[in-house]
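K.L.:
A single structure is presented below for examination.
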Amino acid sequence: MTTTHPALTAEEEALLPSDEDVRHYAEHGWYLTRKLLTDDEVDTLVAAADRYYAGERDRRLPVRPPKLAYWEPAKGDVQRHNDYVHYEHDALGRILRKPLIGAVAARLAQADEIRVFQSTLIYKPPISGEPSNIVPWHFDKHYWASSSSENMLTAFIPFHDCGEEMGTITVVDGSHRWREIGADDTVVRHFADRDRDQLEAMLAENAAHNHAEIRKIPMVIPKGHMSFHHCRVYHGSGPNVSDRPRQAVSLHLQDGANAWREYPLSDGTLAAYNHDVLVRRTPDDRPDYADPEFCPVIWRHRAQQGG
C-alpha cells in the first residue's frame, strides 16, 4: 500500500507510518504517531468537550444500549467515559473523522478501508487516590467478541501533552501475539465490572503460558500526536497524579472486512455489542457494523474511492 492517497496532502503523506513503523506495529502491537492534529484542532476538541460536558448535543442516541458508558454530572468527580461522541457531537466528530487518522490506521492494519467502531470521550480527574482513575489490564477484542475481525485497533488521542504523571495509556509490549488461556465468558464484561486482581492474575497467567516477559510501555504522547494499539494488546492506565485533568478520546476503529458474527456464550446467549440495538440490519437480519450513521468510513484506499 504505497500508492498516493488523493484525500491527503503531500504534508500529510509524510506523516504516515513507514514500512519500518508497520513492521514495529506488527511485532509490538503499538505505534506512536507523528503530529497528526494541529494545535488548533486539539484546542477545538478541548472546547467541544467542555460544551459536551455542559450538555450540548447535536443529536441523541435513538435508544440507550444496555452497556452504554455515559457519564453525567450526577455521577460526580470520577473518571468520565462517554460513548458515541462522534455521533452525538458534530464538532468532536468532524476531527475524529479526519482522513489522516484513518489512513494511519489503514497502514497499520494493512486494510483498504477504515470505519469508526466507537468513540469514547474520557476525563480522568486530578484526584489522588480516586479508584475509578485506575484502568486495569484488559484487551479490547474481549468486548468485541461479536466482531469478525482480528485487525481492529484503537487510537488514543489526548488533548494535551500526556505523560506517566497523568496516568497515560500503558501497553504490554507484544502481548497481541500471545496465545490466550484461562479465558471464560466473564471476559466479555467491561473492565469496570470485573475484579482488578483477577485481571492482573489473568495477565500474569497468559504471560507465563507464552514464556513472555510482561514489558509495560507507557505511551508518552505530545499534544497533537496519538498512539495506536492492536485490539489484542493488553493495556491499562494508572492514577492521574498531575495537577490537571487528563482528557482524551479512545477512537476504536474497524477495518472494512469487519462484520457482526455469531459468538455463543456458555449460557446459550450470543455475545452482543451496544451497536446491535442501534445500527441498521443487513438483508439477512444481522446488525450492520458498516452502518454509516454510527460507523462512518473515515478512510478508503484509492482503488475503492467513490465505491
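Throughout, read-outs are computed from the coordinates displayed, never taken from laboratory work. Computed from a predicted structure; not experimentally measured. Neighbour counts are summed over all protein chains in view; Cβ atoms, including those assigned to glycine, are modelled from backbone coordinates with ideal geometry.
K.L.:
Can you compute the radius of gyration and Dmax for the range 39-129, using only the Cα atoms, both in Å?
P.N.:
Cα-based Rg and Dmax for the range 39-129 come out at 14.7, 44 Å.
K.L.:
Can you tell me, using C-alpha contacts under 8 Å and at least 6 residues apart, the relative contact order of the chain as a whole percent?
P.N.:
Reported relative contact order: 29 percent.
K.L.:
Further, regarding this structure: Gaussian network model of the chain, Cα springs within a sub-10 Å range: biggest mean-square fluctuation belongs to which of 32, 153, 15?
P.N.:
Of the options given, 15 has the highest mean-square fluctuation.
K.L.:
Once you sort the root eigenvalues of the Cα gyration tensor of the range 1-95 as a ≥ b ≥ c, which label holds: rounded (a/c under 1.5), prolate (a/b larger than b/c) or oblate (the other case)?
P.N.:
prolate
K.L.:
Taking the Cβ of residue 282 as the centre, find all other residues whose Cβ is under 11 Å away and add up their charges (Lys, Arg: +1; Asp, Glu: -1).
P.N.:
Combined, the nearby Lys, Arg, Asp and Glu give -1.
K.L.:
Treat the count of other C-beta atoms within 10 Å as a stand-in for reagent exposure and order 24, 230 from fewest to most.
P.N.:
24, 230
K.L.:
In the range 49-99, if every C-alpha pair distance is counted and binned at 5 Å from zero, what percent goes to each bin?
P.N.:
Reading the bins upward from 0: 5, 18, 29, 25, 17, 5, 1, 0.
K.L.:
Oh, and also: Which percent of Cα-Cα pairs in the chain sits in each 10 Å bin, short to long?
P.N.:
P(r) for the chain, in whole percents per bin: 6, 27, 38, 24, 5, 0.
K.L.:
Find out how many positive minus negative residues lie around residue 224, taking Lys and Arg as positive, Asp and Glu as negative, among other residues whose Cβ is under 14 Å from that of residue 224.
P.N.:
Taking every Cβ under 14 Å from that of residue 224, the sum is -3.
K.L.:
Separate question: Which of 141/216; 98/216; 75/223 have a Cα-Cα distance over 26 Å?
P.N.:
Over 26 Å apart, Cα to Cα: 98/216; 75/223.
K.L.:
Restricting to DSSP H runs of at least four residues, report the calculated mean residue ellipticity at 222 nm for the chain, -39500 (n - 2.57) per run over all residues, nearest 500 deg cm²/dmol.
P.N.:
Theoretical 222 nm ellipticity from helices: -6000 deg cm²/dmol.
K.L.:
Fully extended, how many nm does the chain gain between residue 74 and residue 9 (0.36 nm per residue separation, minus their Cα-Cα distance)?
P.N.:
Using 0.36 nm per residue and subtracting the Cα-Cα distance, I get 19.0 nm.
K.L.:
Work out from phi, with θ = phi - 60° and the Karplus expression 6.51 cos²θ - 1.76 cosθ + 1.60, the ³J(HN,Hα) of each residue of the range 167-172, listed in order in whole Hz, and give x for Gly and Pro.
P.N.:
x, 5, 4, 10, 10, 9
K.L.:
Sum up the charges of everything whose Cβ sits under 9 Å from the Cβ of residue 160, counting Lys and Arg as +1 and Asp and Glu as -1, but leave residue 160 out. Before the final figure, lay out the partial values.
P.N.:
Values: positive: 223, 244, 246; negative: 161.
With Lys, Arg at +1 and Asp, Glu at -1, the neighbours total +2.
K.L.:
With N set to the number of residues, divide the alpha-carbon radius of gyration of the range 192-273 by 2.2 N^0.38 Å and report two decimals.
P.N.:
Here the Cα radius of gyration is 1.44 times the empirical estimate.
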